[in-house]
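Let me begin by presenting the structure, written as structure tokens, before commenting on it.
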Amino acid sequence: MNELIDKFLFELFDGLRDKTTVLFGEFIADAQALAAIFMLLYFGVESFKMMSGDKKLEIIPLLRPFALGLVLMFWIPFINLISYPGELLTARSKAMFTNQIEEVELLSRNRYALIDSVAVELLHTSLEVERAENEVKDKKWYDFSIDFSAIGDKIAGLYVYVVAKVKMIMFNIIEFIVVTFWQVCTYFVFFLQIIFTGILVILGPLAFAFSVLPAFRDAYIQWIARFVSVSLYSCIAYIVLSISLVVMQYGIEREIEILEYALRNEAAFVMYVGMTSGGVNSFLLTALLGAFAMLTIPFVSTWIVSTTGVGQAVGGMVGGAAIATKAVAAPATGGASAAM
């Protein structure tokens, strides 16, 4: 495990984000046509109200459809304008993360080197135990000149190394799974941002077109709130990663101290390998909590810009799945009761 985070994938995400820009103008022409139709309807209704005396002449409300039309005419510059604050915050949080990941990866390489040294020492010792076991098996039962009790005591004293070797293999597998899960959650958030941003930008012109109608006058405000919320995903992700790496760095430093001392002192080495997991729990716990923290980013982004974001959508999906499960289970239960 050479890298905690694959920086190449972050560069790949940046390339994917740039590639999706070719689709941003797919619905602009349709939205402009809808906006023109809605503007005619809007002006017709407003003019009728003024001619009938139900409403006085007001200029400012009549300018609102023109403002929305200007946004549709300059859609890409408008996207660049509202994306700038999120990009600026993301650049700063990314710089903080980059400095932190370099230090943690250096410590992580030292940690894995020490763990390999412990594994080599355990391998040599376990081979000694196996040789001692073979000596006992090869001796004939009637050869009373051999001190079997001494050999048995030696095997019993060194058997802890064999158990420790098995435990270390198990914890290496568990650590690989946990770190992989952390990486997948991290990459998932950035990929989710690309997908949501693409959907919002491609279909955004329709929201502005419908905002011309009084019944949907706040549609463009909700769209802007969702777009800003999604644009903060990467900024919050880098902050969560930086905080996780600070805690991870502390755990790795403590574990390195334990490993170095165990390799220098034989009694400490026996105590270390006899423990359940040494000091590996802090690293695994930090990676696991960091993975779950990454999955909460769609919810956290709505704290900054209040909107019905993906957090509510996910909650609705879970609730709908639960209701559907109950509906499917109810007839089966009723049928079973009737059969009895």
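Inspect all residues belonging to region 22-39 and state whether any of them is charged (D, E, K, R) and more than 20 Å from Gly69 (Cα to Cα).
Scanning region 22-39 turns up no residue that is charged (D, E, K, R) and more than 20 Å from Gly69 (Cα to Cα).
Can you name every residue in region 49-98 that is of a type outside the set (A, V, I, L, M), open to solvent by 90 Å² or more (accessible area, probe 1.4 Å) and outside any helix (DSSP H, G or I)?
Asp54, Lys56, Phe74
Hey, among Ile177, Ile236, Ile169, Ile194, which residue is modelled with pLDDT of 85 or more and open to solvent by 40 Å² or more (accessible area, probe 1.4 Å)?
Checking each option against the conditions leaves just Ile177.
In region 199-212, which residues are out of contact with any Pro (no Cβ under 6 Å at 6 or more places or on another chain) and crowded, with 18+ Cβ neighbours inside 10 Å?
If the condition is that a residue be out of contact with any Pro (no Cβ under 6 Å at 6 or more places or on another chain) and crowded, with 18+ Cβ neighbours inside 10 Å, then Leu200, Val201, Gly204, Pro205, Leu206, Ala207, Phe208, Ala209, Phe210, Ser211 are the ones that fit.
At pLDDT below 85, within 25 Å of Lys7 (Cα to Cα) and touching a Ser or Thr at 6+ places or on another chain (Cβ under 9 Å): does that describe Ile101?
Criteria met by Ile101.
Would you mention how many residues in region 202-233 are in contact with a helix residue (DSSP H, G or I) (Cβ under 6 Å, 6 or more places away or on another chain) and of a type in the set (Val, Ile, Thr)?
Matching residues across region 202-233 total 3.
The values are calculated or read from the model by the stated rules, or taken from the named source; none is laboratory data. Note that this is a predicted model, so its numbers are computed, not measured. FYI the Cβ positions are ideal-geometry reconstructions off the backbone, even for glycines, and counts take in every protein chain you see. With ligands, DNA and RNA removed, areas are computed over all heavy atoms of the protein, side chains included. Shrake-Rupley method; radii C 1.70, N 1.55, O 1.52, S 1.80 Å.
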